[in-house]
Structures are given as C-alpha cells and as structure tokens.
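Structure, as structure tokens:
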Amino acid sequence: MTVGILGAGQLGRMMALAGYPLGLDFLFLDPAEQPPAAALAPVLRSEFSNADSLAALARRCEVVTIDWENVSVAALRTLGRETRVSPPPAAIAAAQDRVSEKRQFEKLGISTTRWRAVSSRRQLAAAVRDVGLPGILKTRRMGYDGKGQAVVRSAADLERAWAELGQAPLLYEELVPFDLEVSVIGVRSRSGECRVYPLNHNVHSGGILRLTRAPFGNARLSRLASRYVQAMMEHFRYVGVLTIEFFVRKGRLVANEMAPRVHNSGHWTIEGAVTSQFENHLRAILGLPLGDTRAVGHSAMINLIGTMPGRSQLLGHEGVHLHDYGKTPRAGRKLGHLTIVDGEATRCGRRARRLLAELAPGIHIP
C-alpha cells in the first residue's frame, strides 16, 4: 500500500519512518532538489500544482496527505477526484487564511483573540481603534515561524508594519499578554474514532518553537483543549492529525492558530507516547484502528535551529534521542530535534533546561 505525501520535508520524512514498520510504501511530491524525505522514498520533483505530476501521484497511491498546509487547495481537490485525500481540503483551506481560521474558532465557541480583517490603510486605522494597542499585524496567508507579522505598539510601529506588510491582505489582532503557550494534538480516523494526546507546553524564541514539554499537567485546561480539538475535527469530518495552539492567560485558553497536519510540538510522541502522532496520522488516513495516545513518562523536545551540534556532544547526554533531518544548515532553519523521556517531571525539566542552556544560551525557560 502506497501513501502519497505532498511535501517531502522533515514531517514527511518522519511519517515515512513511522510507516515502514507497518509495511507501507511512500511517494512524495516536492519541488525541492534534495528534500529531507528523499533519503527514504522516491520523490516526484515538481511544483505542487503540476497537473501531470498530480495525476501520477493519484495513480500510484491509495491515499494522499500533506506535510505542509500551504499547498494548493485546488490541487488537493483535483487529487480528490482520483484518490482519497486527507485531511479534507476544507480544513486545510480554513487553516491557510487567518481570517477564516478566526471565524471558525468563533463559530465553534473556541475563545480566540480580538481581531479585524484589514485590506486598506483606512481599515487598519479602524482596526487599531477597535482592538487597541499593542497589537500584531499579520499576513492572512503564508505566515509561519514568526514570518509575515509585526508587533505594533505605537503610531511609528504602525507605519513601519504597513510599509512592510501592506501589499497583502492582513489581519490585526490584540497582542495577548499570555502566561504561557500550549498546544493540543488530536487525531480522527475515517470511521470517526477520535483520540487526543496530552497537552503540550511550548516555549518559543524569535517566533520559532525551541522547547516542548509534555504532559502539561493542568487537568482543567487539558479537558477544555481536548473538547476544542474534537469539536474542530467533528465539524470538518476530519481525517488525520489536527493541532490547535493556544495562549494561556489568567487560567483561560485563547486559541492562536490551528495546523491540519502532524506538528512540531508533537515530535515528543515518537519516544514519549504509546503511539506517535506520525503513526496515528497514517492509521487514521488508511482507515486503521487508532493507537493509544497516552504518554509513557515525561518528555522534553528541543529543536535544533540554524546549526547542528556534533553527534558526540548531543549523544553524550544520557537518554537523549537525536533526530537529524539531513538539511543544509541555515539561520533560523529547523535541522533536527532532541527528545528526553524521564519518569519524573521535575528531573525531566531540569535535564531539558541544562541541555537547552548548552545549545542555545540566553533563551528563557519558565
């Protein structure tokens, strides 16, 4: 059985690694010369919108999924006429547009930030009056890892942000003075079976995720996040893994964004859960029973950004699991990650702080 994947980055690579023990084969479609997943499976080198390549992928695969949500929805709908596509294109379309995403949160009663859509300088001025300062101006599309956004605290900031971003449709939202950031990862199968992983506590720096710890032990917030992600999956009749990221402010969850795919904050599940998010995504899209999402201990996942330390340095720490994505180093690029699994939460956190301080001095870890 062959699974097609649009995008051959590290997420696709980890899906293939999870799928081979299940006896699955993979075929990727990606325009890059040597993407990370090329080491594991054949890659059709093509733009995602190429009709001939999409037809070839559909012919050769029982199901097609994604490793990046900013693929062409039109291409996904074209594929859907020839083979199964999961997650559903409607969910991917909603996640691609921040305004659609905010409206979806509100429709389902999921608390989110105060916001306004912006398509002109006049609308931006009105949005600032309605929402207030400070705020964040974001492109509606293609923003990730802190890209396509600017913090606005003053009139001068507003002018700079408009000059930088004003050529694209935008969203202006309040800058939430949050206490911490969390994410919840759910999975829903073709039969409607749902499972949810323990809540993740995430630490970002420069808009990029640096550290995830799981489980995050607030039972009330965990139940609420689980309810929210299940509501979103049921709304879309979703198939696959879905992630929602939240700010936590004074004991409340405030939804920031969703990702219709396996997620960086779930990498800890490879070693730290009974069934990884990658295996469960494959089980879901193939109509197989879902695996157990329980944590097997306390986990910390550290992203390796920009430069890859030596293997001896990393593996010299007892109990560290290294995942090298095989990428060329570049500033701000995710090159791999480390995972620590420990039976005791305090000890796991202490080990993670010590290791991250060695790899990225200056990053504050709450």
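The values are calculated or read from the model by the stated rules, or taken from the named source; none is laboratory data. Bear in mind the structure is a predicted one, so any value in this text is a computation, not a measurement. Heads up, the Cβs are rebuilt from the backbone with ideal geometry, glycines too, and the neighbour counts pull from every protein chain shown. Surface accessibility is based on the protein's heavy atoms, side chains included, excluding ligands, DNA and RNA. Shrake-Rupley method; radii C 1.70, N 1.55, O 1.52, S 1.80 Å.
Amide H of GLU257: which non-local residues (sequence gap of 5 or more, or other chain) have their own amide H closer than 5 Å, using H built in the peptide plane?
Here the answer is GLU245, since their amide H atoms fall under 5 Å of that of GLU257.
What number comes out for accessible area per residue over the chain if the probe is 1.4 Å? Units Å², please.
Each residue of the chain exposes 43 Å² on average to a 1.4 Å probe.
For the chain, build the charge dipole from Cβ charges (+1 Lys, Arg; -1 Asp, Glu) around the Cα centre, then report which of MET14, ALA55, HIS201 sits farthest towards its positive end.
With unit charges placed on the Cβ atoms, the residue in question is HIS201.
What residues have an amide H closer than 5 Å to that of VAL71, excluding those fewer than 5 places away on the same chain, when H is modeled at 1.01 Å from N in the peptide plane?
Excluding prolines and chain starts, which carry no amide H, there are no hits.
Give the shape of the chain as rounded, prolate or oblate, defined through the alpha-carbon gyration tensor: a ≥ b ≥ c are the square roots of its eigenvalues, a/c under 1.5 means rounded, and otherwise the shape is prolate if a/b is larger than b/c and oblate if not.
rounded
Mind checking the full-extension length gain between ASN50 and ARG141? Use 0.36 nm per residue of separation minus the Cα-Cα distance, one decimal, nm.
That pair, ASN50 and ARG141, stretches by 30.6 nm at full extension.
Determine how many Å³ per residue the convex hull of the Cα atoms of the stretch 113-221 encloses.
146 Å³
Can you figure out the FRET efficiency of SER100 with GLU33, using R₀ = 41 Å and their beta-carbon distance, to the nearest 0.05?
After rounding, the FRET efficiency stands at 0.80.
Run the numbers on the chain and let me know its relative contact order in percent, using alpha-carbon pairs under 8 Å that are six or more apart.
13 percent
So if I average 1/r over every pair of distinct C-alpha atoms in the stretch 219-366 and take the inverse, what Kirkwood radius in Å does that give?
Final number for the Kirkwood radius of the stretch 219-366 is 17.1 Å.
Straight-line reach only, C-alpha to C-alpha below 24 angstrom: list the lysines that LYS147 could link to, leaving out same-chain residues fewer than 8 apart.
Output for LYS147: LYS102, LYS138, LYS327, LYS334.
Counting pairs of alpha carbon atoms under 8 Å apart in space and at least six apart in sequence, what relative contact order in percent does the stretch 115-214 give?
26 percent
Translational diffusion coefficient of the stretch 188-297 at 10 °C, 1.306 mPa s, Stokes-Einstein with Kirkwood Rh over Cα pairs, in µm²/s as a whole number.
The estimated diffusion coefficient comes to 111 µm²/s.
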